[in-house]
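The values are calculated or read from the model by the stated rules, or taken from the named source; none is laboratory data. Owing to the predicted nature of the structure, the values given are computational and were not obtained by experimental measurement. We place every Cβ from the backbone using ideal geometry, glycine too, and count neighbours over all the protein chains shown. Side chains are part of the model used for accessible areas, which takes the heavy atoms of the whole protein and leaves out ligands, DNA and RNA. Shrake-Rupley method; radii C 1.70, N 1.55, O 1.52, S 1.80 Å.
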Amino acid sequence: STGILSDLGSMTGTGITDTLMATMTGGDFDNSDNLVVKATGSKSTVYSINVSTRAVTTITLSTAIQGDDLAYAKGYFYSSFGLYMYKVTVSTGTSWTASAQTIFPSNISSHDSTYSNGAGQIIFVDGNGNAYLLANPLTATASSNFVLKFTYAARPLDGAMCHADPVPLASPDASSGGRNATQTKNLLTNDTVASNATGTTLVGSSVKLCD
């Protein structure tokens, strides 16, 4: 990883503007290599970006979901807020089904990030840096299904997984350095991501990938 941003070009789609896309706070790739993103707050729409063509499709959800970050596993996107876990079923077309379960442990402290691993498990990181593992999100029905794995020293504010080339047993690393190294650059406010990177203006309606 060099930390260098690559500008893939402007996105296109009905109603897609810099102002709208600047409100996106989290997302994940599906198994078709589309980047699905969501704006902050309770929303009944998400946006699917084909990163090859940069075409954006607006997806309408059957009910609003509150969580800011998304994690994809085995045909579903997951998100969380308060005691709620949200599940969104990916389907053809522009209307997807969303549902909610009140199953988080009562001592959960807000929600910072969500991501999946190559085994289809979901990791939720709360406001205290606690990483909760949900081994089988499709069958989860109670707070007892969550396992507190460890606590991050520095809370990750976003999580993602490369589903085209997953690491089957990938999980957060609580040791110092390596995967748990603190990131000092903020892509939303810092054009230069690495000391050897060329400064790139971040525009809401364009796609940027960080190598």
Among (1) in contact with a Gly (Cβ under 7 Å, 6 or more places away or on another chain); (2) modelled with pLDDT under 95; (3) over 24 Å from Asp18 (Cα atoms), the one test that Val90 misses: (2)
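If I filter segment 11-28 down to residues being open to solvent by less than 40 Å² (accessible area, probe 1.4 Å) and outside any strand (DSSP E or B), which single residue comes out as nearest to Ile65 (Cα to Cα)? Talk me through it step by step, then tell me what you get.
Keep residues of segment 11-28 that are open to solvent by less than 40 Å² (accessible area, probe 1.4 Å), which gives 11, 13, 16, 21, 24, 26-28.
In the following step, the residues that additionally are outside any strand (DSSP E or B) were identified as 11, 13, 16, 21.
Details: Met11: 24, Gly13: 22, Ile16: 20, Met21: 18 Å.
Checked segment 11-28; the qualifying residue nearest to Ile65 (Cα to Cα) is Met21.
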Of the criteria (1) under 14 Å from the mean Cα position of the chain (by Cα); (2) touching a residue at least 24 places away in the same chain (Cβ under 8 Å); (3) on the phi < 0 side of the Ramachandran plot, which one Asp18 fails: (1)
Filter result for Leu35 (surrounded by 13 or more Cβ atoms within 10 Å (Cβ to Cβ), among the hydrophobic types (A, V, I, L, M, F, W, C) and more than 23 Å from Gln101 (Cβ to Cβ)): yes
Positions within segment 110-153 being open to solvent by 40 Å² or more (accessible area, probe 1.4 Å), over 24 Å from Asp30 (Cβ atoms) and part of a loop (DSSP other than H, G, I, E, B), in sequence order: Ser110, Asn128, Thr141, Ala153
Checking Lys87 against (1) outside any loop (DSSP other than H, G, I, E, B); (2) among the charged types (D, E, K, R); (3) surrounded by 22 or more Cβ atoms within 10 Å (Cβ to Cβ), the condition it does not meet: (3)
